[in-house]
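Only one structure is covered here, and it is reproduced in the block below.
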Amino acid sequence: MRNKIAIAAVSGLALMSGCKPSVDQLRAAIEKNPEIVFSAIEQHPEKFMEVVNAAFQKAQIKQREKETADLEAAREAEYKNPLKPEIPADRAVKGPQDAPITIVEYSDFQCPYCVRGYQVIRGIEEKYKGKVRVVFKHLPLKMHEEALPAAQWFEAIALQSPEKAYEFHDKLFQNQDKLNQEFYKNTAKSLGLDVAKLEADVKSEKVKARIEADQAEAEKFKFQGTPGFLINGISIKGAMPQAEFEKVIERLLNPPKS
């Protein structure tokens, strides 16, 4: 990094005088006489910073362009060969079973970015009413103490009522700062659920196995943070804006003609 700045400094000085030495020439000059870098900075500090900042901004633009191109290439590959998440018949699903669009979400109830994901999915459900079903899966991060307990309660509730599980899911994201055992119990009571059964199911092997399977699947699909989404097997990583989801959904609903 220091060499790059040094080269930029000398480049700035050279540009001011109208000459255009090669990078190799500049590097050789700096290695032989490093004091010219300091002299250039001292004599032209504003120009030096201008050249360095311009170079940095240009590098940032190129990096973003590369990342966008890489993402588009990876997404095109997924359109041809979508990822295939497991959706067991007994899984809690929100929306019509025959919906043309299935969104599988890998999330953490205590993650602030997942609240954004929750809001985006609500917007998608509203815009594409009847065309989208959602499967909520779990990727509780170790840094969030209540993420795993909340996931356990969601799955325990799903054993009694998938519909109530998603009502519970909404309450968790709407009250993320209140997550604790008392909140889970009180919310379950308000939903008319059998709390005694829930307290037993929370600790059950079935709930444990389901969450572990979700975590393993998220890792397989290279979701390292939360939230992550699959839209008919097309991945979206992070709390992206709703427009990004709509772009994928519109292509799936209206595939380009070959």
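The values are calculated or read from the model by the stated rules, or taken from the named source; none is laboratory data. Remember, it's a predicted structure, so these values are computed and weren't measured experimentally. With ideal geometry, Cβ positions are generated from the backbone for all residues, glycine too; neighbour counts draw on all protein chains shown.
With respect to (1) over 26 Å from P162 (Cα atoms); (2) within 17 Å of the chain's Cα centre (by Cα); (3) in contact (Cβ under 8 Å) with a residue 40 or more places away in the chain; (4) not in a loop (DSSP other than H, G, I, E, B), the lone exception for F245 is condition (1).
Let's see how each residue does on (1) among the hydroxyl-bearing types (S, T, Y); (2) within 27 Å of Q242 (Cα to Cα); (3) touching a residue at least 40 places away in the same chain (Cβ under 8 Å):
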| position | (1), (2), (3) |
| --- | --- |
| V51 | no, no, yes |
| A54 | no, no, no |
| R91 | no, yes, yes |
| A99 | no, yes, no |
| D108 | no, yes, yes |
| V115 | no, yes, yes |
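Here E219 does not qualify as in contact (Cβ under 8 Å) with a residue 24 or more places away in the chain and either assigned to a loop (DSSP other than H, G, I, E, B) or charged (D, E, K, R) (or both). Scanning the stretch 227-250 for residues that are over 23 Å from N81 (Cα atoms) and crowded, with 18+ Cβ neighbours inside 10 Å gives a single hit, A239. Would it be correct to say that K206 is farther than 14 Å from H138 by Cβ, assigned by TED's automatic domain parsing to the domain that holds H138 and either free of Cβ contacts under 8 Å to residues at least 60 places away in the same chain or assigned to a helix (DSSP H, G or I) (or both)? So K206 fails the test.
Taken over the stretch 122-145, the criterion of being within 20 Å of Q224 (Cβ to Cβ) and either out of contact with any strand residue (DSSP E or B) (no Cβ under 8 Å at 6 or more places or on another chain) or part of a helix (DSSP H, G or I) (or both) is satisfied by P140, L141, K142, M143, H144, E145.
If you check E31, E86, E72 for being under 30 Å from L148 (Cβ atoms) and surrounded by 10 or more Cβ atoms within 10 Å (Cβ to Cβ), only one passes: E86.
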